[in-house]
Structure formats: structure tokens, C-alpha cells
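Written below as C-alpha cells is the structure these notes are about.
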Amino acid sequence: MKDLYPVLKELEKKQVVPRLTAYNRIDGPGSSLDLREFQQCFWHDTGKAFEESDDIARYWSKTLPRTVGISINLGCVAEAYPLEDGKIGIESHDYGTEHILKPGEVPYRQEYWLIKALELFGLKGVKIVLHNLVPGIQSAGLGGSATATTAVCLLANKLADDLFSPEQIISMASILEQDMGISITGTQEQSSVVYGGVTDYIWFPWGIPGQSGSYGSSIRDVLLDEKDYFEIENRMSLYHSGKHRDSTDINKIWRKKLTTSEGLMLHRNKLEIAYEYREGIRLKDWDKVNHSIKNYRQLRITLCKEYMSETCWDIQGQCERFGAESFPLGAGGGGVVLVFCPDPEEIKKLQSSLDNAYRKIDFKICSSGHLFENIP
């Protein structure tokens, strides 16, 4: 077991403790298709088409589960501090919690999910302290708990000399969060933290055929270069609906729909809409992006009317006056709502209306999903 206390104590004296900034994501059409059950339900063999490296459009993947992740400069910071007596610890400023235990003695209980993650890396003498970059947006649909879990795993992995691969970190963070009862989660938030950018993820729940890998595997395509991020930033806004929600409640409803033939077919329609969203961004066809957001939102409402809260309906009503569409992020039901308009001038008018009623959340797109600092 690696004792980090001596080196962390020296770094603390120099005020250069190891630090990781992990970024949230914007999802959109394709959201929920990364959940474990959805990946397993809708993945099917497409032959060897995925080996064609010059297939930019990935048309063969049109009927496979996918999610587009857009990394943004909201999220959390994880810092590593020395801890005496060979113990490990987790502290969260935003939730006001702290857990300190000995490695090997961490109970398998919901409230210990982050310290259980830390325990996996064979470390002692370390406490990881977490705080959000922007306060007051917990349970907002931006993937906050998944971002925090992945941040702990990435920082611990770096301090453990890269014990696990990126794919294993994604799998570990997802499985721990869901199986320990924190939320129903998939692999999109975790993948966005690991890889970042404006990226299309095609999910492979058992690994890519003919290659090593398992849950957490994906084929990834960068859809926009960094120099083109302004194209999206000028057409997107984020607003908090004023209502916090529990994504698990809505995700449970969606999962239950998979158990009926009618529900299964409704969910299957998401696949081609998610592909349309992917292609709209890649081709900078902003009307196509707008159309896919509208269709995916309507399909989600059909599957679960609780997806749209009263304030979400109000935001949508205002969007329609300017040719825009709204999309409650994550599982919806409240939290942060994405607003998209193909015309950058029209979204400015819409913003003037929404700014008076809702909290606007400013953001910039990030080319990376995380940033390490002061790693010994």
C-alpha cells in the first residue's frame, strides 16, 4: 500500500497540493442511451463497419446507442491533502460531509461511495477534498455526482501511478455510483470527464468486438474543433429552472418502459434522433440540431410526462417565440435546461426574456474533460 502522507505533507507546506479540475457536460439527444440497461438493450452487431477509419459519418452506427457530450467549464475541484495514521478520507464542502476511515474498513454503504472509490487504489495517508466550481447547482442535470466520482477516481489513479486505464476508470466510477445507490447513471458523464471536448460516443457495453474492453468502452469522434466552439456557444444557453430534482425517479420510469414492447419501440426511436443530433453538430447544420432536440424532447415526454416541470414548460413556451427549442438536461424534471436556437441573433432576444425569470448559467466549452495540477 502506497503511503502518501510524507510527500503530501511537504506539498502542503509549499501550498502546491495535487489538484484535479473535472468538468461537467451538456448532453442532449442521446441522453439516457448510455445507461447500462439501454446499452445492453439496443447494442447489436454491425459487422466490421466500425473498422473503417475513413467513415466520417459513421452511418453504420445510426441504430446503435450513442450520446454526444459537450464538456463545459463547470464542475468540481478535487485536492489531495495529507492524513495521519494511515487513514483515507473524503470531504465535500458543498454537502458539508467528511468521512475518515482506515483502508480495508470502509463499509459498503451509500454515504461512503466516494471513500469506497478511493479505497480501491491502494493508497493511505490521503484525504481528497471536493468543492464545486459554481455553488448552488447540485442535482441540476449536469452530471455532478458522476463528475465528482470520476474526479476522485482520476486523482487517486494518478497518485497510484496510473493503476487503471481510462476505460476502467469510466467503468469503475459508473458502477460504484449506481450499485451503491447514489443515482442511476451510465457512462456519458464519466467519459466526458475522461476525454472532454465536443465528442460523439458510440457505446459498446461488452467492449468493441475483437478488442479488449468491457462496460465503459466507446468509439469516439470529435465533432467540432476547438476553433469552432463559438458556433455552439453563440447558439446555446443554460438556465436553471428553479427546481431541483432527483434524476433517479425519472430514470426508473424510463427503465421500466423497456419491459414492454410498446415502451421498447418508443425508446428505440431515440437512436436515429441521436444520430441526427450528432450529424447536425458535425456538419454545422443548426436547423438539424434544433429539429433533433425538439423530437427527442417530445419522445421523452411521451415516455414520462414528469420530464417537463411547470417551469420547463414556461421556458419552452418562450423558446417557441424565437424559433428555439429547450431540453431539460440529464433526466429532466427540473434542474438545468438547455436552450438552443439556430439563429444567434434570435437567441439574444430570447435571453433578454429569460434572464428576468431564471438563473442563467454562463459557460465555455472545454477541449479537455479534466485538468491535473501539482502531481508529484
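The values are calculated or read from the model by the stated rules, or taken from the named source; none is laboratory data. None of the values given here were measured: they were computed from a predicted structure. Cβ placement follows ideal geometry from the backbone for every residue including glycine, while neighbour counts extend to all protein chains displayed.
Yes/no matrix, rows are residues, columns are (1) without any contact (Cβ under 8 Å) to a residue 12 or more places away in the chain; (2) touching a helix residue (DSSP H, G or I) at 6+ places or on another chain (Cβ under 6 Å); (3) more than 30 Å from Ile202 (Cα to Cα):
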| position | (1), (2), (3) |
| --- | --- |
| Lys14 | yes, no, yes |
| Leu20 | no, yes, no |
| Asp34 | no, yes, no |
| Trp43 | no, no, no |
| Asp54 | yes, no, no |
| Arg66 | no, yes, no |
| Ser71 | no, yes, no |
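Given the condition touching a Phe, Trp or Tyr at 6+ places or on another chain (Cβ under 7 Å) and in contact (Cβ under 8 Å) with a residue 60 or more places away in the chain, answer yes or no: does some residue in the range 302-315 qualify?
To start, the set of residues in the range 302-315 that are touching a Phe, Trp or Tyr at 6+ places or on another chain (Cβ under 7 Å) comprises 303-304, 315.
Subset that is in contact (Cβ under 8 Å) with a residue 60 or more places away in the chain: 315.
For the range 302-315, residues touching a Phe, Trp or Tyr at 6+ places or on another chain (Cβ under 7 Å) and in contact (Cβ under 8 Å) with a residue 60 or more places away in the chain: present.
Conditions (1) within 30 Å of Asn356 (Cα to Cα); (2) in the same structural domain as Ile347 (by TED's automatic domain parsing); (3) not in a loop (DSSP other than H, G, I, E, B), marked per residue:
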position	(1), (2), (3)
Ile170	no, no, yes
Ser183	no, no, no
Val193	no, no, yes
Tyr215	no, no, no
Tyr239	yes, yes, yes
Arg255	no, yes, yes
Met265	no, yes, yes
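Take the range 199-223 and flag every residue that is within 27 Å of Trp286 (Cα to Cα) and free of Cβ contacts under 8 Å to residues at least 60 places away in the same chain. Quick ask: steps written out before the conclusion?
To start, the set of residues in the range 199-223 that are within 27 Å of Trp286 (Cα to Cα) comprises 199-203, 218-223.
Listed by number, the residues that qualify are Ser218, Arg220, Val222.
Which pairs do you get when a residue that is closer than 17 Å to Trp113 by Cα, found in the range 162-174, comes within reach of a residue that is of a type in the set (Val, Ile, Thr) and at pLDDT below 95, reach meaning Cβ atoms under 6 angstrom, with the pair 6+ apart or on two chains?
Ser174/Thr185
Would a scan of the range 78-85 turn up a residue that is over 29 Å from Asp285 (Cβ atoms) and without any contact (Cβ under 8 Å) to a residue 24 or more places away in the chain?
Of all residues in the range 78-85, those over 29 Å from Asp285 (Cβ atoms) come to 78-85.
From what's left, without any contact (Cβ under 8 Å) to a residue 24 or more places away in the chain: 85.
The answer is yes; a qualifying residue exists.
Mind telling me which of the residues Ile347, Ile315 ends up being assigned by TED's automatic domain parsing to the domain that holds Asp249, in contact with a helix residue (DSSP H, G or I) (Cβ under 8 Å, 6 or more places away or on another chain) and either in a loop (DSSP other than H, G, I, E, B) or over 30 Å from Val7 (Cα atoms) (or both)?
Working: Ile347 fails: in contact with a helix residue (DSSP H, G or I) (Cβ under 8 Å, 6 or more places away or on another chain).
On inspection, the qualifying residue turns out to be Ile315.
Looking only at the range 137-145, decide whether some residue is in the same structural domain as Asp55 (by TED's automatic domain parsing), surrounded by 23 or more Cβ atoms within 10 Å (Cβ to Cβ), modelled with pLDDT under 95 and among the hydrophobic types (A, V, I, L, M, F, W, C).
Within the range 137-145, one or more residues are in the same structural domain as Asp55 (by TED's automatic domain parsing), surrounded by 23 or more Cβ atoms within 10 Å (Cβ to Cβ), modelled with pLDDT under 95 and among the hydrophobic types (A, V, I, L, M, F, W, C).
Looking at this structure, is Lys294 over 18 Å from the mean Cα position of the chain (by Cα), closer than 28 Å to Asp355 by Cα and outside any strand (DSSP E or B)?
Values: over 18 Å from the mean Cα position of the chain (by Cα): yes; closer than 28 Å to Asp355 by Cα: yes; outside any strand (DSSP E or B): yes.
Considered against the rule, which asks whether it is over 18 Å from the mean Cα position of the chain (by Cα), closer than 28 Å to Asp355 by Cα and outside any strand (DSSP E or B), Lys294 comes out as yes.
Quickly run through the range 325-344 and pick out the residues that are in a loop (DSSP other than H, G, I, E, B) and within 14 Å of Met236 (Cβ to Cβ).
If the condition is that a residue be in a loop (DSSP other than H, G, I, E, B) and within 14 Å of Met236 (Cβ to Cβ), then Leu329, Cys341, Pro342, Asp343 are the ones that fit.
Just to be sure, is Ser191 touching a residue at least 60 places away in the same chain (Cβ under 8 Å) and crowded, with 23+ Cβ neighbours inside 10 Å?
Values: touching a residue at least 60 places away in the same chain (Cβ under 8 Å): yes; crowded, with 23+ Cβ neighbours inside 10 Å: yes.
Yes: the conditions hold for Ser191.
Assess whether Asp162 counts as being more than 17 Å from His370 (Cα to Cα), surrounded by fewer than 19 Cβ atoms within 10 Å (Cβ to Cβ), in the same structural domain as Asn132 (by TED's automatic domain parsing) and more than 13 Å from the chain's Cα centre (by Cα). I'd like the intermediate steps shown before the answer.
Numbers: more than 17 Å from His370 (Cα to Cα): no; surrounded by fewer than 19 Cβ atoms within 10 Å (Cβ to Cβ): yes; in the same structural domain as Asn132 (by TED's automatic domain parsing): yes; more than 13 Å from the chain's Cα centre (by Cα): yes.
Considered against the rule, which asks whether it is more than 17 Å from His370 (Cα to Cα), surrounded by fewer than 19 Cβ atoms within 10 Å (Cβ to Cβ), in the same structural domain as Asn132 (by TED's automatic domain parsing) and more than 13 Å from the chain's Cα centre (by Cα), Asp162 comes out as no.
I'm trying to understand the selection: among the residues of the range 309-350, which are modelled with pLDDT of 95 or more, in contact with a Ser or Thr (Cβ under 6 Å, 6 or more places away or on another chain) and over 16 Å from Ile70 (Cβ atoms)?
Matches in the range 309-350: Ile315, Gln316, Gln318, Cys319.
Being in contact with an Asp or Glu (Cβ under 8 Å, 6 or more places away or on another chain), outside the structural domain of Leu238 (by TED's automatic domain parsing) and not aliphatic (A, V, I, L, M): is that true of His131 here?
Working: in contact with an Asp or Glu (Cβ under 8 Å, 6 or more places away or on another chain): yes; outside the structural domain of Leu238 (by TED's automatic domain parsing): yes; not aliphatic (A, V, I, L, M): yes.
In short, yes.
Evaluate the range 357-369: report whether one residue or more is buried (at least 22 other Cβ atoms within 10 Å of the Cβ), touching a His at 6+ places or on another chain (Cβ under 7 Å) and either in the same structural domain as Ile250 (by TED's automatic domain parsing) or in a loop (DSSP other than H, G, I, E, B) (or both).
Checked against the condition, which is being buried (at least 22 other Cβ atoms within 10 Å of the Cβ), touching a His at 6+ places or on another chain (Cβ under 7 Å) and either in the same structural domain as Ile250 (by TED's automatic domain parsing) or in a loop (DSSP other than H, G, I, E, B) (or both), the range 357-369 yields no hits at all.
Only one of these is in contact (Cβ under 8 Å) with a residue 24 or more places away in the chain, more than 21 Å from Phe38 (Cα to Cα) and within 14 Å of the chain's Cα centre (by Cα): Gly186, Gly196, Gly143. Name it.
Values: Gly186 fails: more than 21 Å from Phe38 (Cα to Cα); Gly143 fails: more than 21 Å from Phe38 (Cα to Cα).
Testing whether each residue is in contact (Cβ under 8 Å) with a residue 24 or more places away in the chain, more than 21 Å from Phe38 (Cα to Cα) and within 14 Å of the chain's Cα centre (by Cα) leaves just Gly196.
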